Amino acid sequence: MKSGNTTILVVDDEPELLEIFAIWMSREGYTVLTAANGAEALKVLTSTKVDALISDIRMPVMDGLTLVRRIYEMKLQLPSIIFVSGFGDVNPREAHALGVEAMLPKPLGRKHLLNVLEASLKERESLWLEPTEEIATDTLVTEFSSLKLSEEACEFQVGRGGVCFRYSRALPEDALVKLSIAFTEEQLRLNGQGRVRWSAAKDERVGVEFVYVAPESREWVLARMDENPVYSFIPSCG
Amino acid sequence: MFKSVGLPHGFCFLWNPQLLWLHVVSDSLIALAYFLIPLALIRIVSKRKDIPFNGIFFCFATFIVACGITHLMEVITLWHPIYWISGGLKALTAVVSLATFVLLLKLTPAILAIPHERDLARANEELNSVLESTTMCVLAMDPEWKITYLNGNARRLLAVDKQVSGKVLWDAFPAQEQATRERLEKVMATRNPEEYEAYYEPLDLSTSVHAHPTESGGVTVFFNDVSEQKRLQRQLEVERALREQRIESLAQMAGGIAHEISNPLGIIHARANDLAEVAHEGESVPSEVVIAACASMLKTSQRAMSILRGLRMFAREGTHDPMFMTSIPELIEQTVELVSARYRTHGVLLSIVPGVVPKIRCREVQIGQILLNMLNNSFDAIDGAGSTERWVTIGAAQAGECIQVDVVDSGPGVAPEHRQHLMEPFYTTKPLGAGMGVGLSLSRVIAHDHGGTLELTDVDGHTCFRLTLPVHAGESEAGVQAQPEGVA
């Protein structure tokens with residue numbers, strides 16, 4: 001999909017940074033649009049088809065979080081949203097629920113940005129095929145009586161890029177974990193690897209981004225996404 | 001047995017009328033005197049309750065009355081020979097007299113132990129010198145609040161002489177605070193001691209007071225001058241508040257400042273990254289591209305530096321810094337850099353009004369804190385109002401012998417009821433938790449320290465906070481041009 005028909009919208013209130021990002025991406029063959037703040041970006045999004053949005057968070061007039069909230073409310077269904085910020089001041093649970101895929105720190109190297117962008121534009125079928133060789137720090141084993149009931153009770157939800165579910169233990173962010181989740185009634189299992197994106201002790205929920213989904217789980221998980229399309233990258237379960 | 005025996009005593013005098021009457025008159029007068037003496041004694045004892053040994057007085061009275069009776073009998077026996085009765089009464093008198101003697105003997109040591117008046121006077125003098133030499137102030141009052149004693153320290157501290165003794169406290173020191181008066185009245189009424197701090201306005205005097213009830217029904221007050229302590233305490237409080245405010249402003253702006261610094265870093269990083277990658281790939285980079293990239297990096301790093309310079313406003317209090325010649329327009333620029341992130345992300349336009357003003361002598365960190373405070377305050381006023389017009393201007397101008405820094409905002413203005421309170425410590429119109437309200441009052445304290453003022457006024461119908469600082473004669477240097485710059 002890396003070609004001239006892929007349109008990227010870059011939003012930053014820093015003109016120089018906007019210029020540099022635009023140069024990098026047009027060199028890779030993307031069509032690049034720019035906006036200086038959330039309001040300008042929203043104007044572009046409502047008039048043009050955009051495949052990916054790369055946005056700063058702190059901006060005048062309309063900040064990045066307000067922008068993705070509007071996108072979510074307007075159901076603009078952007079395939080990919082990446083936040084870039086020098087300051088970790090956004091709640092990852094909320095951001096991922098609003099469809100944000102990745103939050104990258106500033107300063108940001110060209111390769112890093114392009115790699116994340118490329119990965120986020122991949123077709124879903126080509127994702128999560130290979131387990132990573134990195135060693136998981138933890139294995140999350142849990143069992144639900146029914147998939148249907150746990151979805152209704154917001155105890156298990158699948159998003160575009162990961163799952164959130166009830167888990168009593170608090171986990172460190174960014175930790176690579178093994179997943180072993182069973183649903184008794186449907187006799188389904190979710191086996192795979194994921195990266196902890198957020199962990200909330202208050203309501204015992206954890207948000208995990210998929211890294212690898214085992215073959216025996218792939219079919220029903222992808223079907224779940226199709227049957228019940230959620231725009232959230234990782235739902236917030238509540 | 002008590003019948004008359006023998007002849008009347010008059011026979012012995014051969015009824016000589018002169019001799020007879022001499023005895024009658026003398027004995028009668030002696031008896032009268034002896035009857036009157038106990039009355040005098042009773043009067044003394046009843047008036048001087050503090051005189052000990054009431055028993056001996058009773059004995060004296062009895063024995064004297066008895067003696068009086070025997071003399072009366074002498075008169076009667078001149079005509080009536082009732083010598084048995086007369087003798088019996090004499091015997092009784094003898095018993096009472098002996099008893100009195102024995103009692104007097106017994107009491108002798110105790111009576112001798114009664115201090116001599118001279119000794120009492122000396123003891124009194126010593127006590128007085130102790131009270132006069134103590135560093136504590138002593139003020140004694142009787143139950144009617146009349147001042148009975150005031151030691152030397154108290155007279156010095158309260159600036160009065162000994163004439164004040166005998167006056168009623170409330171007349172001698174009429175401007176007492178209500179709280180002080182209530183405390184003293186409480187001690188007088190409850191007879192329980194009290195400790196408290198009092199302030200006496202006419203002398204600008206703070207004291208630490210112990211008020212004690214006395215046995216004679218009055219109140220004695222012991223007090224110390226703590227004015228200096230209080231002044232230091234106030235100063236410490238101001239410094240503490242300054243410190244807290246600095247931390248609060250820092251916390252408020254930390255995110256913005258981090259963003260402000262991460263942006264230039266991001267640009268420099270990206271430019272350098274770009275050049276390095278192109279060079280790695282072995283491509284030759286045209287020199288104008290390198291020059292442009294470097295120019296961008298230099299300009300951007302300069303921007304980051306100026307933000308860091310502005311951060312020294314938080315590095316220390318500045319209260320004890322020496323005063324230096326300072327360019328106010330430069331200080332304005334640096335302060336604006338600090339807050340510009342906050343302004344920009346909330347869509348508030350902040351611009352500097354250019355002006356030429358001489359350098360002034362000041363503690364730049366403190367003046368920077370005032371400017372910061374004014375800008376943050378204006379920001380809050382606009383942000384809270386949600387009005388469509390969102391701008392703030394800051395600029396310095398010379399007005400006679402002073403420099404005026406005006407911070408004007410497009411906000412709704414300050415309601416008249418808030419105006420007079422606005423500079424009071426901890427007064428805030430913001431919701432609870434949104435601000436400490438200590439900022440403006442402290443800013444005003446700093447301005448006063450510099451011989452200046454901070455006031456609220458109007459410019460073309462917009463709220464204006466005006467900082468006025470004096471330009472000291474002979475200390476001004478060449479005018480400094482403020483850079484005209486729209487920041488947001």
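The values are calculated or read from the model by the stated rules, or taken from the named source; none is laboratory data. Just so it is clear, the model here is predicted, and its values are computed rather than measured. Every residue, glycine among them, receives a Cβ derived from its backbone with ideal geometry; neighbour counts consider all protein chains shown. Areas reflect the complete protein model, heavy atoms only, side chains present, ligands, DNA and RNA absent. Shrake-Rupley method; radii C 1.70, N 1.55, O 1.52, S 1.80 Å.
Miscellaneous remarks
- Test: residue in the range A:49-63 that is part of a loop (DSSP other than H, G, I, E, B), of a type in the set (Lys, Arg), over 16 Å from A:Leu117 (Cα atoms) and touching a residue at least 24 places away in the same chain (Cβ under 8 Å): yes
- Criterion (closer than 23 Å to B:Thr93 by Cβ and without any contact (Cβ under 8 Å) to a residue 24 or more places away in the chain) met by exactly one of B:Leu72, B:Leu19, B:Leu14, B:Leu29: B:Leu29
- Residues of the range A:12-30 satisfying the condition of being within 23 Å of the chain's Cα centre (by Cα) and either in a helix (DSSP H, G or I) or more than 13 Å from chain B (Cβ to nearest Cβ) (or both): A:Leu18, A:Phe21, A:Ala22, A:Trp24, A:Met25, A:Tyr30
- Number of the condition not met by A:Pro105 [criteria: (1) open to solvent by 60 Å² or more (accessible area, probe 1.4 Å); (2) closer than 30 Å to B:Ala276 by Cα; (3) away from every other protein chain (no Cβ under 14 Å)]: (3)
- Residues satisfying the stated conditions in the range B:234-282, i.e. under 19 Å from A:Trp24 (Cα atoms), more than 8 Å from chain A (Cβ to nearest Cβ) and assigned to a helix (DSSP H, G or I): B:Pro264, B:Ala272, B:Leu275, B:Ala276, B:Val278, B:Ala279, B:His280
- Filtered by the rule that a residue be away from chain B (no Cβ under 14 Å) and either farther than 20 Å from A:Ala95 by Cβ or buried (at least 21 other Cβ atoms within 10 Å of the Cβ) (or both), the range A:31-44 gives A:Thr31, A:Val32, A:Leu33, A:Thr34, A:Ala35, A:Ala41, A:Lys43, A:Val44.
- For the range A:1-11, taking the residues that are at pLDDT 90 or above and either of a type outside the set (Val, Ile, Thr) or open to solvent by 10 Å² or more (accessible area, probe 1.4 Å) (or both), the one that is nearest to the chain's Cα centre (by Cα) is identified as A:Leu9.
- Every residue from the range B:15-61 that is of a type in the set (D, E, K, R) and assigned to a helix (DSSP H, G or I): B:Asp27, B:Arg43, B:Lys47
- Candidates are the residues of the range A:91-102 that are part of a loop (DSSP other than H, G, I, E, B) and crowded, with 20+ Cβ neighbours inside 10 Å; the one that is farthest from the other protein chains (Cβ to nearest Cβ) is A:Gly99.
- Screening the candidates B:Val356, B:Val365 for the property of being farther than 27 Å from A:Glu14 by Cα, open to solvent by 10 Å² or more (accessible area, probe 1.4 Å) and touching a helix residue (DSSP H, G or I) at 6+ places or on another chain (Cβ under 9 Å) yields one hit, B:Val356.
- Among the residues examined, B:His116 qualifies as without any contact (Cβ under 8 Å) to a residue 24 or more places away in the chain and open to solvent by 50 Å² or more (accessible area, probe 1.4 Å).
- Flag for A:Ser232 being open to solvent by less than 30 Å² (accessible area, probe 1.4 Å), polar (S, T, N, Q) and not in a loop (DSSP other than H, G, I, E, B): no
- Residue match in the range B:157-169 (condition: buried (at least 16 other Cβ atoms within 10 Å of the Cβ) and under 17 Å from B:Val187 (Cβ atoms)): yes
- Selection count where residues are of a type outside the set (Asp, Glu) and more than 16 Å from A:Phe156 (Cα to Cα), scope the range A:168-200: 9
- Filter pass, B:Ser306 being under 26 Å from B:Gln404 (Cα atoms) and within 13 Å of chain A (Cβ to nearest Cβ): no
- Residue in the range A:168-175 that is assigned to a loop (DSSP other than H, G, I, E, B), open to solvent by 50 Å² or more (accessible area, probe 1.4 Å) and either of a type in the set (A, V, I, L, M) or touching a helix residue (DSSP H, G or I) at 6+ places or on another chain (Cβ under 8 Å) (or both) present: yes
- Residue list for the range A:58-75, restricted to those being away from chain B (no Cβ under 14 Å) and buried (at least 18 other Cβ atoms within 10 Å of the Cβ): A:Val68, A:Arg70, A:Ile71, A:Tyr72
- The set of residues from the range B:58-78 being in contact with a Leu (Cβ under 8 Å, 6 or more places away or on another chain), under 16 Å from B:Ala40 (Cα atoms) and open to solvent by 50 Å² or more (accessible area, probe 1.4 Å) comprises just one member, B:Phe60.
- Output for the range B:216-233, where each listed residue is of a type in the set (A, V, I, L, M), surrounded by 12 or more Cβ atoms within 10 Å (Cβ to Cβ) and not in a strand (DSSP E or B): B:Val226
- Boolean, B:Ile257 is surrounded by 13 or more Cβ atoms within 10 Å (Cβ to Cβ) and farther than 16 Å from A:Arg58 by Cα: no
- Restricting the range A:128-155 to residues that are open to solvent by less than 20 Å² (accessible area, probe 1.4 Å) and in contact (Cβ under 8 Å) with a residue 40 or more places away in the chain, the residue that is farthest from A:Val221 (Cα to Cα): A:Leu140
- Residues of the range A:208-229 classified as crowded, with 16+ Cβ neighbours inside 10 Å and at pLDDT below 85, total: 1
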